[in-house]
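Below: the structure, in structure tokens.
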Amino acid sequence: MNGGVKIRELREIDEFKEVYRLFDDIWHPAPHNPPVTMELMIGFAHTGNYVAGAYDEGGTLVGASVGFRAAGRTLHSHVTGAVIGRGIGRALKSHQREWCLEQGLERITWTFDPLVRRNARFNLVKLGAMPEEYLEDFYGKMADAINEGDASDRLLAVWRLTDTAKPGEPPAAEALLSDEGGWPVAKEARGGTVLVGTPADVERLRREDPAAAAAWRLAVRGTLGRLMKAGRRVVGFTERGEYVVAHVN
């Protein structure tokens, strides 16, 4: 058991159907827009890639992850979905890490929405993965209940599995983008290290205040995206929900 669930690689069509239904329950995608098709899961599993499911004590599928091998001894984790609030995502990532090390792989990469604060905190703080590229509207229009109506900007997270160095205390920094009353407010920052804020709950904003959600998308793209494209590096994430961005040494 890993984190209260049993995680194993999946091989059978009925198992892939369970994953398909779980992802459908999580994302509620349009019929033509599933996070991953049955055919791809079958093909990935058959060719030595990563397709795994997490089962609770009653045998119910409560999480799954699908990834494929990429260049540079890397697994690209294409999609991971789990029941929220039970530590299943962390357990899946731990299993994925162990699997990669057994396979001689050194990195895991995946994409995540830079506006989703809880995912940023999980990736950067709990796992120690760091964003290495800002991808503007990476997937194009996404027709599902979570992403509908928003551009699909993503950060490429890189988890270096053989790097044992722990991130140090973030340097003193000034806020370049802050959350004020639910809206992004740009500020002038004179220091070399800056903070780029995020909305408290962008998924709620998309439902209740689409204009504010759209403003956050453009503001983060124009600050974090611009800084990363100019060669700055994300080195941490604060308790207040801000990316710490520094010059590359």
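The values are calculated or read from the model by the stated rules, or taken from the named source; none is laboratory data. Since this is a predicted model, take the numbers as computed values, not measurements. Glycine gets a Cβ as well: all are built from the backbone with ideal geometry, and neighbour counts include every protein chain shown. For accessibility, only protein heavy atoms count, side chains too; no ligands or nucleic acids. Shrake-Rupley method; radii C 1.70, N 1.55, O 1.52, S 1.80 Å.
Here are the numbers for the structure shown:
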quantity	calculated
Interatomic Cα distance distribution for segment 89-166, bins of 10 angstrom, percent	17, 45, 30, 8, 0
Pairwise FRET efficiency - R190 versus T37, Cβ, R0 = 41 Å, nearest 0.05	0.25
Evaluated at q = 0.12, 0.15, 0.18 Å⁻¹: base-10 log I(q)/I(0), Debye formula over Cα of segment 118-249	-0.46, -0.73, -1.05
Fully extended contour minus Cα-Cα distance, from E133 to D163, at 0.36 nm per residue	8.9 nm
Helical contribution to [θ] at 222 nm, DSSP H n ≥ 4, -39,500 (n - 2.57), averaged over the chain, rounded to 500	-7500 deg cm²/dmol
Nearby lysines by direct alpha-carbon distance to K93 (threshold 22 angstrom, same-chain neighbours under 8 apart not counted)	K6, K17, K126, K166
Extension gain from R8 to E98, taking 0.36 nm per residue of separation minus the Cα-Cα distance	31.2 nm
M130 accessible area, assembled protein chains, probe 1.4 Å, Å²	40
HN-Hα J in Hz across segment 200-210 - Karplus 6.51, -1.76, 1.60, θ = phi - 60°, x for Gly and Pro	4, 8, 5, 5, 5, 4, 4, 7, 9, 8, x
Accessible area in square angstrom per residue, segment 1-140, 1.4 angstrom probe	49
